Amino acid sequence: MYRYTEFDQQFVRARAAQHRDQLERWQAGQLSDDEFKPLRLQNGWYVQRYAPMLRVAVPYGEISAPQLKVLAQIARDYDTPDTALLTKAQAMQDKLPGAAPQLTSNYGHFTTRQNVQFNWIPLSKSADVMDLLASVNMHGIQTSGNCIRNTTTDELAGVAVDEVVDPRPYAELIRQWSTLHPEFAFLPRKFKIAITGASEDRAAIGWHDVGLQMVKNAAGEVGFKVLVGGGMGRTPVVGSQIRAFLPWNQIMNYLEAVVRVYNRWGRRDNLYKARIKILVKAEGQRYFDEVETEYQEILSQDGGMHTIAQSEFDRINACFVSPALDLTRLTDEWLAKAEADISKEAAKNSAFARWMVQNVVPHRNRALRAVKLSFKRVDQAPGDATADQLDAAAALVDQYSAGQARVTHTQNLVLPWVRLDQLHALWQAAKALGLAQPNIGLLTDMIACPGGDYCALANARSLPLAAAITERYQDLDELNDLGRIDFHISGCINSCGHHHSGHIGILGVDKDGKEWYQVTLGGSDGKDLSGAAVPGKVVGPAFSSFEVPDVIEAILDTYKALRLPVQGRHEYFIETLQRVGQDPFKLAANGARHPSE
Amino acid sequence: MTGPSASNDIASRLAPTSNKKTMKIISTPEHHLVESPAVLAVANDIDPRTLDLQGVKRIDLTFPKFTDGRAYSQAFMLRRRLGFKGELRATGDVLIDQLVQMQRTGFDVAVLREGVDASAAPRQFDRFAGFYQGSAVDTPPQFSKSD
């Protein structure tokens, strides 16, 4: 992981002190609500349906055990509504139609942008929480607001077998460059960058304002393929290639050009037309040309001051060496024995065998594996982790993964440095904690935003739907038989639950004050399984909340009826859909409508 | 692969005009739009490269709302690209918490919005020991310093 220098540490502490200063001026009436709002947002403080929400930045998803422990402490000591607030909130919750789940507190939530959110911290305690976060080099800088947000990357960065270049040092450089950039704090709208260095896109780069793919050219030099203008929301757009190869040390100068032209030209008259995707669509080549001109002027006239010095790259890159694991005895015999022991345990215990298949992925070091802890289970919302679970996860990370973990964009945790001979012990420990569901990549490993239960923007709730599907598909044989499916739920068109990229996507909409859900089919985030990034297509008019589980079932039954065998297995859902087209699925979905009860 | 380096000529033009990390703050009544060819008032959708800067001593840029950040890019281009050495004045919805970024993009004078108490301003300039990026007036950036 990146090691914070004295400069970095001091910077985060200064930022926490700045937030305290702003909070106190707001409390004293020297800052109006409207003046304070963009400031608190750029430190991650929203005001939500019932209470403030804090979004903590996890730069490119990398998190340490001590950081997880501090998140646990925040969940335990601060994520608590007082009795009056909770009573009032639950009373409002009880007025919602259907069975509203009991509101819970004292937990963190892993987000699709690899960050962590809390839901009940009073604003009056926000400065104390920022100080606590700063003690482990954490903060909420630019996790909200119309600025450059946290850069996201491949959850397997640095360990993936298909990696061309480790993207983490570049992600760290982009973190530094974008942090409190004086010119780009008040852009027309939010701005998200994703970066991958592997041949498979696990970072959904096509869905970002800027998507970066690390490549090597014919001469073996490292550079970036640059996409621009992707995004979800009301108008889903996949990014367009603006550069086939940009030398690695020019990335900041180039991003400066991309963002400056957006800052100057992006629309500010309509919130829904302010993202860069709308500018790129409207201006097309004219935008590309202006960026190129701007980039050349940055180099020739401004002195190209953000060219990355080799020595600085080397300093940062040195932070990302593999952790020292006690593998001095690594021999072919050691490997053979470790593998034989795993096979023996797997033969004895089918649950362990399933977990090995579903939750454990290959590693560039043959003595290691990356392990996914599943935060998708009954009775807890996707991606939620209580204070105790965060503490327990920290202990696992400490014991089994060199103190390092990743928050994934599918709202789980990855332990990237697990020794082969410790997998079984890790499985037992994770299982005891309820974090070993062997469902990674399957239907119940769904992405869901917090939705109308917590979010002030939502049109409908996500969590009761997520819970209904989770409960309905608890049979592991059935779940495995359905195979790999990306199932994504968003409670509103802001698309935090990435419904556009789901093989099956659900979007909450509001009609006459009631909750309705649009179903889309055939979306892709860009992973190999579903191919190039593309938004799903709507199957028909929205469904009521009680129809949705039946609609999902009808769609899945159609898949089972139509799928063909390929290479010794069934086609996956998306493969069948891509082969036969949407019509039979639409027919089934619309046929599952039933009159309101 | 090393990036283009600044020629001596560029380097001298880009030399910081001032290292003092503060701004002159004036109140609305002290701010007058002077009818003079030496003073330009520029709307925030104007490309600064289209301006005739001959004989211009002061340019007033404007923030219609403090959340409209276009004038930051204008200031940066005027200072760094066009080498404008005169006064860059921030006008409009100018508040305490944006002063430091204004200074870093090249403004040297700010007209605080009517009614804003200036007393919280000075400490904002002392808060951060440094920043990651190079700015219009203070270079190089953090990540090229070790070269």
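Taken together, the values in this text are just the output of simple stated rules run on the coordinates, not laboratory data. Computed from a prediction, not measured in an experiment: that's the story for all the values here. Cβ atoms come from the backbone with ideal geometry, glycine included; neighbour counts cover every protein chain shown.
Some notes on this structure:
- Percent of Cα pairs exceeding the 15 Å cut-off, where the set is the stretch A:486-543: 43 percent
- Span from the the stretch A:158-212 Cα centroid across to the the stretch A:258-277 one, whole angstrom: 19 Å
- Unit Cα scatterers, Debye sum, the stretch B:46-125: log10 I(q)/I(0) for q = 0.25 Å⁻¹: -1.23
- Separation of the alpha carbons by more than 19 angstrom is noted, of B:Lys21/B:Lys85; A:Lys511/A:Lys586; A:Lys514/A:Lys537; A:Lys95/A:Lys511, for A:Lys511/A:Lys586; A:Lys514/A:Lys537.
- Its Cα gyration tensor gives the stretch A:394-491 an equivalent ellipsoid, and the semi-axes of that ellipsoid, as √(5λ) in whole Å with the largest first, are 28, 18, 11.
- Candidate cross-link partners of A:Lys37 among the lysines, defined by an alpha-carbon separation under 18 Å and a same-chain spacing of 8 or more, comprise A:Lys125, A:Lys190, B:Lys65.
- Hydrodynamic radius (Kirkwood) for the stretch A:332-432, which is based on Cα pairs only, to one decimal in Å: 14.1 Å
- Estimated [θ] at 222 nm from DSSP helical runs (n ≥ 4, -39500 (n - 2.57)) normalised by residues in chain A, nearest 500: -11500 deg cm²/dmol
- Here the dipole of chain A is about 580 debye; that uses its Cα centre as origin and unit charges on the Cβ of Lys and Arg (positive) and Asp and Glu (negative).
- The protein assembly as shown - share of DSSP beta bridges that are antiparallel (%, nearest 5): 65 percent
- For the stretch A:334-478, lysine pairs separated by 8 or more sequence positions, or belonging to different chains, with Cα-Cα distances below 19 Å total 5.
- Taking the Cα centre of the stretch A:447-591 as origin and assigning +1 to Lys and Arg Cβ atoms and -1 to Asp and Glu Cβ atoms, the resulting dipole is close to 380 debye.
- Rounded, prolate or oblate (a/c below 1.5 giving rounded, otherwise prolate when a/b exceeds b/c) for the protein assembly as shown by Cα gyration tensor: prolate
- Dipole axis of chain A (+1 Lys, Arg; -1 Asp, Glu on Cβ), positive-most option in A:Tyr572, A:Thr293, A:Val12: A:Thr293
- Length-normalised contact order of the stretch A:6-134 in % [C-alpha pairs under 8 Å, at least 6 apart]: 35 percent
- Nearest-20 debye value, the stretch A:6-134 charge dipole, Cβ charges on Lys, Arg, Asp, Glu: 280 debye
- Cα gyration tensor shape for the stretch A:6-134, rounded if a/c is under 1.5, else prolate or oblate: oblate
- Remark: the stretch A:402-419, residue by residue, has Karplus-estimated 3J(HN,Hα) of 6, x, 10, 9, 10, 8, 9, 6, 9, 6, 10, 10, 10, 9, x, 10, 9, 6 Hz, where x stands for each Gly or Pro and the curve is 6.51 cos²θ - 1.76 cosθ + 1.60 at θ = phi - 60°.
- Taken along the Cα-to-beta-carbon direction at a fixed 7 Å, the label points for B:Leu51 and A:Gln399 span 6.4 nm.
- Length-normalised contact order for chain A - Cα pairs under 8 Å, 6+ apart - percent: 13 percent
- C-alpha center-to-center spacing [the stretch A:365-381, the stretch A:78-128] in angstrom: 25 Å
- Sites B:Lys85 and A:Phe7, calculated FRET efficiency, Cβ-Cβ separation with R0 30 Å, nearest 0.05: 0.45
- For A:Leu463, the shell of other residues with beta-carbons less than 11 Å away shows a net charge of -1, using +1 for Lys and Arg and -1 for Asp and Glu.
- When the GluC sites (Glu not before Pro) in the stretch A:196-262 are filtered for DSSP coil states and for at most 14 other beta-carbon atoms within 10 Å of their beta-carbon, the remaining sites are A:Glu221.
- Most positive-pole-ward Cα, A:Leu180, A:Ala194, B:Val100, against dipole of the protein assembly as shown from beta carbon charges: B:Val100
- When restricted to Cα atoms, the stretch A:152-315 yields an Rg and a Dmax of 15.3, 46 Å, respectively.
- Those Cys residues of the protein assembly as shown for which no other cysteine Cβ falls under 4.7 Å: A:Cys147, A:Cys319, A:Cys455, A:Cys492
- Label positions at A:Ala28 and A:Glu297, each projected 7 Å from the Cα along the C-beta direction, are separated by 4.2 nm.
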